[in-house]
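Enquirer: Before we start, here is the structure in question, set down as structure tokens.
Since every read-out is calculated from the coordinates, none of them should be taken as a lab result. All of these numbers come straight from a predicted model, not from anything done at the bench. Reconstructed Cβ throughout: ideal geometry from the backbone, glycine too, with neighbour counts over all protein chains shown.
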Amino acid sequence: MRVVIVGGTTGIGLATAERLVESGAEVFITGRSEERLESALKRLGGHAEGQAADARDGAALRALFERVGAFDHLVVTVTGRGGAAPLAELTAGGITEAVQGKLIPHLMTAQAALAAGLSRQGSITFVSAASAGAAYPGVSLLAAVNGAIEATVPGLAVELAPVRVNAVSPGVIDTDWWEGLGDEARAAFLAGTAATLPVGRVGTPADVALTIEYAVRNSFLTGTVLTIDGGGRLKTA
């Protein structure tokens, strides 16, 4: 089994690469930073291949998949920064940046993979976010972008069949996505969130990687969004 992970050099993508390598898969990772790519490949112990590429660049994606050749599964974990703000503070530029940072790379990566070597018996797994269904102040733009990704899943599962198409929708996960808060604010936010969740903790990249592996390996799963949020969607006393 050969798996390409776009956004596989850090966080959830890297944790997924580690899990799949450990279970015997051939893994090819990519990310924008050469430095992070080298670090990730070193962490994977030489059991994976990789190439730096910007998923927002169509030509770079085509070149990437030409190098990869035939493969079985695609995982897209690309995400942008920012986007959390009240409606009154959103700008046209910020909205465009959010769409270009996540929605466009997800769809264009899938398109490039299909035009290249993705197996017809394989799968595409997107990584959205539980903000797609969140009802909190300041998350409308995040909800719009991640909700758009999730909305494509059923239609693509039918359009691209027998290729399977699914999405994994994580809740609050302890990754570098939160680094913009600063160390103290980040720690306080994660601790406060953990206290509200039925499982009593926030998620880890490894938690999400386990779910992604399930989506990749289960050949009877398609058109599905798998939420992994520690019970965050539930109302607790």
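Enquirer: Mind listing the long-range amide H neighbours of V172? Cut-off is under 5 Å, sequence gap 5 or more, other chains count too, H placed in the peptide plane at 1.01 Å from N.
Expert: G203
Enquirer: So which DSSP H runs in the chain come out at 30 Å plus along the axis (Cα) with average Kyte-Doolittle of at least -0.5?
Expert: none
Enquirer: Amide H to amide H, which residues 5 or more places from L118 or on other chains are under 5 Å from it, using H placed in the peptide plane?
Expert: F71
Enquirer: Using 0.36 nm times the number of residues separating Q111 and Y214, minus their current alpha carbon distance, what extension gain do you get?
Expert: Result for the pair: 34.8 nm of gain on full extension.
Enquirer: While we're looking at this one, here's another question. Restricting to DSSP loop positions (anything but H, G, I, E, B) with no more than 14 other Cβ atoms inside 10 Å of their own Cβ, which trypsin sites (Lys or Arg not before Pro) remain in the range 133-237?
Expert: Within the range 133-237, the qualifying trypsin sites (Lys or Arg not before Pro) (loop, at most 14 other Cβ atoms within 10 Å) are R233, K235.
Enquirer: Kirkwood hydrodynamic radius, the chain, all distinct C-alpha pairs: what's the number in Å?
Expert: 18.0
Enquirer: Residue farthest toward the positive end of the dipole of the chain, with Cβ of Lys/Arg at +1 and Asp/Glu at -1: which of V168, S140, L44?
Expert: Result: V168.
Enquirer: Binned at 10 Å from 0, what are the whole-percent values of the Cα-Cα distance distribution for the range 1-102, short to long?
Expert: Pairs per bin, as whole percents: 15, 44, 25, 12, 3.
Enquirer: What relative contact order, as a whole-number percentage, does the range 1-54 give when Cα pairs under 8 Å and 6 or more residues apart are counted?
Expert: Worked out over the range 1-54, it gives 36 percent.
Enquirer: A follow-up question, please. Could you compute the FRET efficiency for T204 and I95, with r as their C-beta to C-beta distance and R0 at 22 Å, rounded to 0.05?
Expert: 0.15
Enquirer: Next up: Just subtract the alpha-carbon distance of A135 and M1 from 0.36 nm times their residue separation and send over the number in nm, one decimal.
Expert: Extra length available between A135 and M1 comes to 44.3 nm.
Enquirer: Separate question: Set the Förster distance to 41 Å, then compute FRET efficiency between R32 and A195 from the Cβ-Cβ distance, nearest 0.05.
Expert: Rounded to the nearest 0.05, the efficiency is 0.75.
Enquirer: HN-Hα J couplings of the range 124-134 from phi, Karplus 6.51/-1.76/1.60, θ = phi - 60°, integer Hz, Gly and Pro as x?
Expert: For the range 124-134, the Karplus curve yields 10, 10, 8, 10, 9, 6, 5, 4, 4, x, 7 Hz.
Enquirer: Give the residue from T30, A195, N218 lying farthest towards the positive end of the charge dipole for the chain; charges sit on Cβ (+1 for Lys and Arg, -1 for Asp and Glu) and the dipole is referred to the Cα centre.
Expert: Value: N218.
Enquirer: Using a 10 Å cut-off on Cβ atoms, rank the peptides 155-162, 102-109, 49-56 from the highest mean neighbour count down.
Expert: The densest-packed peptide leads the list: 102-109, 49-56, 155-162.
Enquirer: Mind checking the range 141-237 for chymotrypsin sites (Phe, Trp or Tyr not before Pro) that DSSP puts in a loop (not H, G, I, E or B) and that have at most 16 other Cβ atoms within 10 Å?
Expert: F220
Enquirer: Let me ask something else. Using Cα pairs closer than 8 Å and at least 6 residues apart in sequence, work out the relative contact order for the range 156-237, in percent.
Expert: 46
Enquirer: Could you give the dipole magnitude of the chain about its Cα centre, charging the beta-carbon of Lys and Arg +1 and that of Asp and Glu -1, in debye to the nearest 20?
Expert: Approximately 460 debye in magnitude.
Enquirer: Label-point separation (nm) for D176 and K42, each offset 7 Å from Cα along Cα-to-Cβ?
Expert: 1.3
Enquirer: Taking only DSSP H segments of four or more residues, each worth -39500 (n - 2.57), what value at 222 nm results for the chain once the sum is divided by all its residues, to the nearest 500 deg cm²/dmol?
Expert: -13000 deg cm²/dmol
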